[in-house]
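Scroll down for the structure; my scribbles are underneath it.
Bear in mind that the values in this text are calculations on the coordinates, not laboratory data. From a predicted model like this one, the values you see are computed outputs, not experimental measurements. When we count neighbours, we look across all protein chains shown, and the Cβ atoms used for this are built from the backbone with ideal geometry, even at glycine.
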Amino acid sequence: MNTSKAIVCCVVGTRPEAIKMAPVILELKKSSILVPFLLATGQHTDMLRQALDFFGIQADKDLSVMKESQSLDYITASVLQKVGEVLDDLKPSMVLVHGDTTTTMAASLAAFYRKIPLGHVEAGLRSGNISLPFPEELNRIVSDRVSGWWFPPTEGAKENLLREGLDPSRVIVTGNTVIDALLLSAQKIKEPALADLKRIPVTARVMLVTAHRRESWGEPLKGVCEAIRRIIDNFPDLWVIIPMHRNPQVRDILKSGLRDRKSVILCDPLDYPDFVWAMKRSDLILTDSGGVQEETTVLGTPTLVLRDVTERPEALEYGTSILVGTDPEKIFGMASSVLNGSKLGAARVSDFRIQPFGTGDASLTIVKTIEDIFYKNDLCAE
C-alpha cells in the first residue's frame, strides 16, 4: 500500500465490530496525515459485508476465515496467523481493534507480537466475571493488556483500566462509536426492507428479541422461549421480532419453541438498517447483546437484559436497561410490568442531561487523538 500518510490498520471480524468501527474508518478517511486500511477477518461473512456496504465501506483485505460450526480454537488460530501475515506485508504505523470478539483478541496478539502500536476502541468494559460473557470478557482483558492506547467509552470503563495499572496519559474517554453509527443511520431509515417486518400492523405493539450468547445455549434459551410464549398469551396485540443467530444450537431451540405463534417473526439476522428500524419500532427489547444496551439509551426503549451480569452498568444506572437473566418468571414479570405501563428501573431517562455512552462524536475524538500521537512522534518511541 503506497502512501505518504501513516497507515492505521483497522481490524474487524463480526457485524457489530463493522458497525462500531465504520464511523472511525469514515473519520480516518478525512485525515490529512492518516489513511485507514480495513482488514476484515470474516469471522462473520455476509453479515459483516452487509454492514460495511451500508456505510459505503469496502474491506481492503478479507481473510474469509469463517467455516461451518467453527470453534473458538479455530477462529483464534486462523485470525492470529492470517492477520500476522498481513501485518508483516503491510507494516502499518498503528493497529486499531474494537471491543471483545475473538477477532479482537487474536488480532491484538498479532500486533503485540510484532511490536506494532495498538489502539483498543471500546476498551475497559468489565463484567467482573471472567466467564460472563464467554469468551468476550477474557478477550477484552487480553486486548487491553497488550494495547498501548485505550479508548474507553465511559468514565467507568476508564476507571477499570486505571485500577489495572495502565498509563493514564494514554487512556482517553471517547463515548461509544455505536452511538455515532446509530445517529448516522437512524434519520434515514424510514421503513423496513424485509417483507415480514412490513406485515406488522401499524397499531401493534412490538417486542424485539436477540439471544445468542454461548452461556445462554440450551436450557437458558428454552427458558427465554417459555417467557416469550407467556408474554404473547397475555398481550395479544404484541408482535415479536426474533432475528435468529446463525448457530444451529440457537436456531433449533427458537424454532421448536416459537414457530407455531403467528405473531412471532423468526427471521435470519436482520440487515443493519432493518435492525435499527426494529429497535426504533419496539416498545420493549429483550437482549443479551452489549451493543443494544448502549443503543437503547439513545432510543429510550425499555430493555430487559437476558444476562446475570453486564459490562455496561451505565445502561442500568441510566434506567433504560435492567438485568433479568434467563428465568422465565422474572422475564415474564418484568415484561408484563413494562407493557402495562410501568417505568423500568429506578432512574428516569429525563433526569440525565448527558447520554451515558456519548453524543455521536466518539470517532472524531479517536482520530484526533491518533493524529496528535503522530504529530508528537510518540509512535517512534514504541
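Below are the figures for this structure:
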read-out: Loop-located trypsin sites (Lys or Arg not before Pro) in region 88-162 whose Cβ has at most 11 other Cβ within 10 Å (DSSP); value: Lys115
read-out: Karplus-derived 3J(HN,Hα), 6.51/-1.76/1.60, for each residue of region 216-221, Hz, glycine and proline x; value: 9, 5, x, 4, x, 5
read-out: Restricting region 107-166 to GluC sites (Glu not before Pro) in coil, as DSSP defines it, with at most 15 other Cβ within 10 Å; value: Glu164
read-out: The chain: angle of helix 15-29 to the longest principal axis, Cα-based, in degrees nearest 10; value: 40
read-out: The chain, relative contact order in percent, only Cα pairs under 8 angstrom and at least six apart counted; value: 15
read-out: Most to least packed among 94-106, 204-216, 329-341 [average Cβ atoms within 10 Å]; value: 94-106, 204-216, 329-341
read-out: Proximal aspartates and glutamates to Lys82, defined as alpha-carbon separation beneath 15 angstrom and excluding residues fewer than eight positions away on the same chain; value: Asp60, Asp62, Asp73
read-out: Using alpha-carbon coordinates, inclination of helix 290-299 to the longest axis of the chain, degrees; value: 70
read-out: ³J(HN,Hα), Karplus 6.51/-1.76/1.60, whole Hz, each residue of region 58-66, x for Gly, Pro; value: 10, 5, 6, 8, 10, 7, 6, 7, 4
read-out: Dipole of the chain, positive end: most advanced residue of Ala6, Ile57, Leu161 [Cβ charges, Cα centre]; value: Ile57
read-out: Cβ-derived FRET efficiency at R0 25 Å, Ser256 paired with Glu317, nearest 0.05; value: 0.10
read-out: Cα gyration tensor shape for region 291-344, rounded if a/c is under 1.5, else prolate or oblate; value: oblate
read-out: Calculated FRET value between Asp46 and Ser342, using beta carbons and R₀ = 56 Å, to 0.05; value: 0.90
read-out: Antiparallel bridges, percent of DSSP beta bridges restricted to the chain (to nearest 5); value: 5
read-out: Ordering of 167-180, 67-80, 284-297 by packing [mean C-beta count within 10 Å, highest first]; value: 284-297, 167-180, 67-80
read-out: Dipole moment magnitude, nearest 20 debye, the chain about Cα centre, only Lys, Arg, Asp, Glu C-beta charged; value: 620
read-out: Contour excess over end-to-end distance, with Cα ends at Lys368 and Lys280 and 0.36 nm allotted per residue; value: 28.6 nm
read-out: With Cα atoms, 0 to 90° folded angle of helix 136-146 axis to the chain main axis; value: 20
read-out: Residues with amide H under 5 Å from that of Leu323, placed H, sequence gap 5 or more; value: Val305
read-out: Cα-based Lys pair tally, region 195-351, threshold under 25 Å, eight or more apart or on separate chains; value: 13
read-out: Full-stretch length increase - Glu155, Ser64 - with 0.36 nm per residue and alpha-carbon distance subtracted; value: 29.2 nm
read-out: Highest to lowest packing among 268-275, 232-239, scored as the average C-beta count within 10 Å; value: 268-275, 232-239
